[in-house]
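Just below is one structure, and these are the notes that go with it.
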Amino acid sequence: MKLFPFLEPDPGDDNGLTNSLLLKAIFLLISVILCSLIGTLIIQLISHFKGWELATVLRELNPESSLEKRNYIRLSHLISQAFTFAIPSLLVAWFFYRRQMWRYLRLAPPPAIGLVFYGMLIILVSFPLSQFTYWLNQQIPLPGWMSNMEDQANETIQALLTMETPGVFLFNLIVIALLPSIGEELLFRGLLQQQLEKRYGRAHLAVWIAALIFSAFHMQFAGFLPRMLLGALLGYLLVWTRSLWVPIAGHFVFNGSQILGQYLLGEELIAPDPEQGLSPNWIATLVSAVLLAGLIYGIRNYPNAPEDGGKE
């Protein structure tokens with residue numbers, strides 16, 4: 001008789017302790033805290049060897065900062081992403097699902113390549129709609145402390161988006177696009193959304209709760225609405241395709257296309273200045289909505305798509 005049978009769950013049965021949403025939430029929270037502490041320790045060790053204080057470098061960071069300091073912040077961000085999102089999510093999946101963790105996370109089997117392209121196109125055509133929700137967000141006055149946080153975040157983003165060489169561009173793709181698309185999708189869609197859907201049996205509710213938490217977690221209030229819309233789109237991509245690779249690809253395209261645009265055009269694509277009087281492009285927004293509706297119809301009716309995609 002095994003003392004801890006939940007350590008080797010039956011892949012065909014999800015009862016008892018392994019089906020406890022509270023237990024999984026507690027385990028995930030502990031994992032995030034412990035892994036974040038380890039990541040912070042690694043960053044502190046790097047800071048010690050360089051003779052820098054992370055808070056000081058962040059506070060003073062701007063597009064004119066040295067490449068060494070900007071790469072130091074990029075490396076810190078990479079470590080933070082890995083130890084806050086990816087590693088804790090994999091630990092939770094391994095602890096509760098062991099032999100079936102890749103299937104539970106919807107990373108196996110791989111999706112049809114057509115579904116991946118559909119997902120990337122859905123995210124690309126949603127950009128004008130995202131800009132519209134950003135404009136809506138700008139109509140909401142923010143308290144002084146929130147505005148200060150936004151200013152600091154925008155300054156940091158613009159410093160990181162200063163890319164003088166192809167090597168820095170590739171580094172940014174890894175740090176700002178690739179790793180967040182994997183880690184954040186593992187946590188918010190692979191774990192949180194699926195657990196909410198399993199617990200309450202309502203896919204739409206799970207998608208929007210996960211999207212709300214996803215946006216709030218970033219602590220960037222001027223972009224709360226567009227980020228929540230992105231989270232919802234990524235959540236529905238998982239519902240419609242039942243493969244986490246599709247929202248991962250879409251997330252990567254969302255971040256990566258902005259980095260590419262910044263590198264090629266030098267335009268402030270990720271953090272536009274609210275003082276510039278951003279106004280919505282109504283025609284682009286309408287076209288975006290129409291194209292988005294067509295692509296959603298296409299992905300939901302894609303051959304061999306899961307029959308329960310998006311249905312409750």
If R0 = 45 Å, then Q100 and W52, at their Cβ-Cβ distance, give a FRET efficiency to the nearest 0.05 of 0.55
Among (1) 5, 24, 29, 20, 13, 6, 2, 0; (2) 6, 24, 33, 25, 11, 2, 0; (3) 5, 18, 19, 14, 11, 9, 7, 6, 6, 4, 2, 0, the value of P(r) over Cα pairs in 10 Å bins from 0, in percent computed for this structure carries the label (2)
Burial-style ranking of 37-44, 226-233, 213-220, average other-beta-carbon count within 10 Å with highest first, yields 226-233, 213-220, 37-44
Here the FRET efficiency for L22 versus F169, based on Cβ atoms and R0 = 41 Å and rounded to 0.05, is 0.40
Restricting to Cα pairs under 8 Å and 6 or more apart, the percent relative contact order of the chain works out to 25 percent
On the formula 1/(1 + (r/R0)^6), with r taken between the Cβ atoms of A284 and Q139 and R0 of 22 Å, the FRET efficiency rounded to 0.05 is 0.75
Given the candidates P141, S36, W240, the one whose Cα lies deepest towards the positive end of the charge dipole of the chain, counting +1 at each Lys or Arg C-beta and -1 at each Asp or Glu C-beta, is W240
Of K50, K69, K198, the most mobile residue in a GNM of the chain (C-alpha springs, cutoff 10 Å) is K50
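No lab work stands behind these numbers, since they all come straight from the coordinates. None of the values given here were measured: they were computed from a predicted structure. With ideal geometry, Cβ positions are generated from the backbone for all residues, glycine too; neighbour counts draw on all protein chains shown.
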